[in-house]
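J.: Here it is, the structure, as structure tokens.
The values are calculated or read from the model by the stated rules, or taken from the named source; none is laboratory data. Nothing here was measured: the structure is a model prediction, and the numbers come from that model. We place every Cβ from the backbone using ideal geometry, glycine too, and count neighbours over all the protein chains shown. Quick note on the areas: whole protein, heavy atoms, side chains included, nothing else; ligands and nucleic acids left out. Shrake-Rupley method; radii C 1.70, N 1.55, O 1.52, S 1.80 Å.
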Amino acid sequence: MNVLVKGAGVAGLSVAHELMSRGARVTVLDPQPASPAAASWFAGGMLAPYCERESAEQVVLELGLGAADWWEAALPGSVTCNGTLVLAPIRDVRELERFGSRTSGFEWADDDAITTLEPDLAGRFRKGLFFEGEAHLDPRRVLIRLAAKLAEAGVVFETDPVRTATAGFDWTVQCTGYSRDDQTIRGVRGEMLVLRTADISLSRPVRLVHPRFPIYVVPRADHTFMVGATMLESDSVGPITVRSMMELLNAAYSLHPAFGEAEIVETGVGIRPAYPDNLPRVVREGNTISINGLYRHGFLLAPAMAMLVADMVSNERRAH
């Protein structure tokens with residue numbers, strides 16, 4: 001079975017890996033594979049199905065439950081399974097209670113428990129929610145590692161669409177994300193920061209409840225932290241706005257004043273593809289399958305979408 005996968009973001013690479021593992025010959029077409037042109041490059045990398053249930057449908061939880069295991073099996077050592085800590089300032093404690101009422105898989109944490117989980121946050125928060133069963137990964141490292149693994153295993157990476165146009169693939173899988181040409185998909189702008197400071201350590205993603213949008217701080221290597229993310233109904237790819245920069249920096253400072261002295265290493269903007277219901281879809285037309293609408297759940301939902309596509313291809317092959 002010879003399959004062309006269009007797109008080398010998280011969806012495309014996940015599909016390529018799943019198909020390759022089932023014996024398909026795979027070519028990945030993308031003019032800029034594993035590059036900052038992909039929305040996946042700006043992701044938080046949180047494998048947090050329980051937390052996402054706060055604002056997403058039950059199906060997102062169900063599809064995302066196996067994501068951490070899938071990523072760890074694909075790239076051993078890539079997943080950190082330390083859970084998620086959700087906090088709120090005293091003034092927003094009702095928002096924290098509302099968050100808990102819409103989710104599951106957590107335990108309430110008092111100030112002593114918060115101190116045990118994150119010593120550098122000692123005395124700063126009185127109440128929190130600890131989602132022990134969640135995990136996170138570094139999206140950029142994962143994208144690069146997964147592409148390298150696929151190439152080593154024989155997956156062909158092609159940047160010129162002309163060379164694939166007449167190659168006679170049995171299947172084509174579209175994983176190209178947001179496009180203004182697709183009127184069924186809208187773009188949702190997400191803005192993020194990367195900060196660096198050696199004055200604070202975190203062992204897991206920390207979310208701060210916010211009346212308008214969720215804010216999170218995700219620890220990464222070399223004393224860096226990803227702070228995200230806005231959710232704006234816009235497909236503008238321009239630089240981060242002053243308002244968003246202030247809100248994200250204020251959130252980081254609210255978590256710990258040490259972030260006030262941190263270096264701003266990077267700002268970034270990614271356009272998330274979303275359907276009107278914010279749920280992903282796998283659509284087949286003949287021997288073309290499209291995956292789209294992963295919204296803010298790319299790394300969480302890509303494994304389930306990839307397995308669904310591979311099942312469709314495998315079942316068709318067995319039928320013949």
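J.: How much net charge surrounds Pro257 when only other residues with a Cβ under 10 Å from its Cβ are counted (Lys, Arg +1; Asp, Glu -1)? Show your work: numbers first, answer last.
T.: Details: positive: Arg124; negative: Asp199, Glu261.
Neighbour charge sum, excluding Pro257 itself: -1.
J.: Starting from the Cα-Cα distance between Arg180 and Ala198, subtract it from 0.36 nm times their residue separation and give me the gain in nm to one decimal.
T.: Numbers: separation 18, 0.36 × 18 = 6.48 nm, distance 4.13 nm.
Additional length available on full extension: 2.3 nm.
J.: Using the beta-carbon distance between Trp41 and Arg102 and R0 = 35 Å, what value does 1/(1 + (r/R0)^6) give for FRET efficiency, to the nearest 0.05?
T.: Numbers: r = 30 Å, r/R0 = 0.84.
With a Förster radius of 35 Å, E is 0.75.
J.: Leaving ligands, DNA and RNA out of it, report the carbon-plus-sulfur percent of the accessible area of the chain at a 1.4 Å probe.
T.: 50
J.: How large is ³J(HN,Hα) for each residue in region 48-65, as worked out from phi by the Karplus curve 6.51 cos²θ - 1.76 cosθ + 1.60 (θ = phi - 60°), to whole Hz, x for Gly and Pro?
T.: 10, x, 5, 4, 5, 4, 4, 10, 10, 6, 4, 5, 5, 4, 5, 6, x, 4
J.: Let me ask something additional. Hey, what do the phi angles of region 189-195 turn into as Karplus ³J(HN,Hα) couplings, whole Hz, using 6.51/-1.76/1.60 and θ = phi - 60°, x for Gly and Pro?
T.: With the stated coefficients, region 189-195 comes to 7, x, 10, 9, 10, 10, 10 Hz.
J.: Relative contact order of region 229-280: what whole-number percent is it, with Cα pairs under 8 angstrom and at least 6 residues apart?
T.: Working: 20 pairs, mean separation 22.5, N = 52.
Relative contact order for region 229-280 comes out at 43 percent.
J.: Can you give the extra length, in nm with one decimal, that the chain gains between Ala148 and His223 once fully stretched, where that is 0.36 nm per residue apart less the Cα-Cα distance? Intermediate values should be presented prior to the final figure.
T.: Values: separation 75, 0.36 × 75 = 27.00 nm, distance 2.54 nm.
Gain in length upon complete extension: 24.5 nm.
J.: Subtract the Cα-Cα distance of Arg91 and Val162 from 0.36 nm times their separation in residues, and report this length gain in nm to one decimal. Before the final figure, lay out each step's value.
T.: Working: separation 71, 0.36 × 71 = 25.56 nm, distance 5.79 nm.
Taking Arg91 through Val162 to full extension adds about 19.8 nm, to one decimal.
J.: In whole Å, what are the extents of the chain along the principal axes defined by its C-alpha atoms, from largest to smallest?
T.: 63, 37, 36
J.: Show me the helices of the chain, taken as full DSSP H stretches, that run 30 Å or more along their long axis by Cα and average 0.0 or above in Kyte-Doolittle hydropathy.
T.: On the way: long enough: 298-319 (31 Å, 0.68).
Flagged H segments are 298-319.
J.: Add -39500 (n - 2.57) for each DSSP H run of 4 or more in the chain, then divide by its residues: what number comes out at 222 nm, to the nearest 500 deg cm²/dmol? Mind dumping the intermediate values first?
T.: Details: 10 runs with 101 residues, N = 320.
Estimated from H runs of four or more residues: -9500 deg cm²/dmol.
J.: State the answer as a single residue: which of Thr267, Val237, Ala252 lies farthest towards the positive end of the charge dipole of region 215-285, with beta carbon charges of +1 for Lys and Arg and -1 for Asp and Glu, about the Cα centre.
T.: Selected residue: Val237.
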